[in-house]
Amino acid sequence: MNPWSDAIEARRRELGSSLTIMGHHYQADEVIRHADLRGDTLQLARQALDVDSGHIVFCGVYFMAESVALLARPGQTVHLPEPSAECSMALMSTAPAVERVLERLEARGRKVTPLVYGNSTLGLKALAGARGGAVCTSANALPMLRWALEQSDAVLFLPDRNLGWNTADALGLPLAERALIRPRGDGPEEAENARLLLWPGFCSIHTRFTTRQIDRLRAEHPGALVAVHPECTPEVVAAADAVGSTSFLIRYAAEAPAGSTCVLGTEINLVERLAAEHRDRLTVLPLVESACTHMAQTTEERLAACLEAAAGGGDGFAVRISEENREQARSALERMFQTAG
Ligand code: 13P
Ligand code: SF4
């Protein structure tokens, strides 16, 4: 134990059943060990619907805590221990820029449905809600994209081009029906007719993985099983044995045959935790060490400070939802739960 850990546990006892600590799987061990509930983005949003406590302290990045705050009941406060911990991909598309692109795309009479990855701003979720679109996460991108393609002439998937492309591959959508759009200026020409339009955002942690790393690991560990997150590039996904969300990768390691070597292309905290959990049964290796610095901003020290503020009745760490966006953003999340929750 260390002083922060002691302080966290003391505040937890003080707050009792009025406190629930939630944590994403990418959090460091020192933080996640304090969580009452842990999960990937979709699981945490789902779990939040059943939380009764007045305080929810969310260990993760801003957009995740914001979604939980959107779903929170009246009287519940969602706190984020490090309010500046924002996923860089979530900031790669803004609602006004997307609005301009949609206007341009729809100028010729086509209807375009926005499908917004959870890793996005509140404004973007509200835009999706207002235009009949929805939110998705990496765990339900496939059924959500299938649904979105049935809603109108085309889907604008954003911000992650790789998740969009990889999901289209899984769905068998022909290459000719996809186009990467240019947020500024016109074109490309293909965007005029494509059914799937992709915003050019990406995750800087998952795009560090390369096919050369996969080749090297396969050479060093013949027979190794390689599984990666769908935020990786399509080339990396094609070279892997399996692709799937955080919860999929956890299941993949749990179900890997005893004695096998399992190589995971995702955030290092999760990979190291799975390696320790399955140490007696199999070898789990990272494709390469890739840490999310945004997730790492939440430390035990920040968690202790956040709990102290909550226990003192302060709301300095509270996540605030603008009234302007609340209803529409919530409707985009609810559409996700109704379709593929
Ligand atoms: P999950 O949807 O798998 O939780 O992933 C979120 C994320 O940020 C991955 O980088
Ligand atoms: Fe965002 Fe990538 Fe970090 Fe996930 S791993 S929170 S997508 S920057």
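The values are calculated or read from the model by the stated rules, or taken from the named source; none is laboratory data. A quick note: this is a predicted structure, and the numbers were derived from the prediction, not measured. Cβ: placed from backbone, ideal geometry, glycine included. Neighbour counts: every protein chain shown. Surface accessibility is based on the protein's heavy atoms, side chains included, excluding ligands, DNA and RNA. Shrake-Rupley method; radii C 1.70, N 1.55, O 1.52, S 1.80 Å.
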Residue 147 accessible area, nearest 10 Å², 1.4 Å probe?
-> 40 Å²
Roughly how many percent of the accessible protein surface of the stretch 148-270 is carbon and sulfur, given a 1.4 Å probe and a whole-percent answer?
-> 49 percent
Kindly write out, for the stretch 33-44 in residue order, the coupling ³J(HN,Hα) from the Karplus curve 6.51 cos²θ - 1.76 cosθ + 1.60 (θ = phi - 60°), rounded to whole Hz, with x marking Gly and Pro.
-> 5, 8, 6, 6, 10, 10, x, 8, 4, 5, 4, 5
When the Cα centres of the stretch 129-165 and the stretch 234-250 are compared, how far apart do they sit, in Å?
-> 19 Å
Residues whose placed amide H lies under 5 Å from that of residue 117, excluding near-sequence neighbours = 136, 158, 160
Expected 222 nm ellipticity per residue - DSSP helices of 4 or more, -39500 (n - 2.57), all of the chain, to 500 = -12500 deg cm²/dmol
Using distinct alpha-carbon pairs, which all enter the 1/r mean, Kirkwood radius of the stretch 193-331 in Å | 17.7 Å
Mean separation of Cα contacts under 8 Å (6+ apart) over length of the stretch 1-151, as relative contact order % = 16 percent
Can you work out the FRET efficiency for the pair residue 47 and residue 276, with r the C-beta to C-beta distance and R0 = 22 Å, to the nearest 0.05?
-> 0.40
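Give me the orientation-averaged projected area of the Cα convex hull of the stretch 88-139, in nm², one decimal.
One quarter of the hull surface, i.e. the mean projection, equals 3.6 nm².
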State in Å² the accessible area per residue of the stretch 65-147; use a 1.4 Å probe, count heavy atoms of protein chains only, and round to the nearest integer.
-> 32 Å²
Would you mind checking which residues have amide H under 5 Å from residue 226's amide H? H placed 1.01 Å from N; only 5 or more apart, or other chain.
-> 241, 242, 263
Considering the options 230, 96, 193, tell which one lies farthest towards the positive end of the dipole of the chain, charges being +1 on Lys and Arg and -1 on Asp and Glu at the Cβ, about the Cα centre.
-> 193
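Need one number: convex hull volume per residue for the stretch 7-164, Cα atoms only, in Å³.
Normalising the Cα hull of the stretch 7-164 by residue number yields 114 Å³.
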Residue span residue 33 to residue 17: 0.36 nm per residue of separation minus Cα-Cα distance leaves a gain in nm of 4.0 nm
Quick one: Karplus J couplings for the stretch 111-121, per residue in order, coefficients 6.51, -1.76, 1.60, θ = phi - 60°, nearest Hz, x for Gly and Pro?
-> 9, 10, 9, x, 10, 9, 4, x, 6, 7, 7
Cβ crowding within 10 Å averaged over residues, with 60-72, 265-277 ranked highest first = 60-72, 265-277
5 angstrom amide H check on residue 111, placed H, neighbours 5+ away | 153, 154
Convert each backbone phi in the stretch 314-323 into a coupling constant with the Karplus relation 6.51 cos²θ - 1.76 cosθ + 1.60 (shift: θ = phi - 60°), then list the ³J(HN,Hα) values in order as whole Hz, x for Gly and Pro.
-> x, 10, x, 9, 5, 8, 9, 10, 6, 4
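State the extension gain, in nm to one decimal, for the chain segment bounded by residue 315 and residue 84, taking 0.36 nm per residue of separation less the distance between their alpha-carbons.
81.6 nm
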Area accessible to solvent at residue 59, 1.4 Å probe radius, in Å² | 0 Å²
Could you list the square roots of 5 times each eigenvalue of the Cα gyration tensor of the chain, that is, the equivalent ellipsoid semi-axes, sorted largest first and rounded to whole Å?
-> 33, 28, 15
At R0 = 25 Å, FRET efficiency that the Cβ-Cβ distance of residue 103 and residue 146 yields, to 0.05 = 0.45
What does the highest-first list of 209-222, 29-42 look like by mean Cβ count within 10 Å?
-> 29-42, 209-222
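Given contacts defined as C-alpha pairs under 8 Å and at least six residues apart, what's the relative contact order of the stretch 91-208, whole-number percent?
Reported relative contact order: 27 percent.
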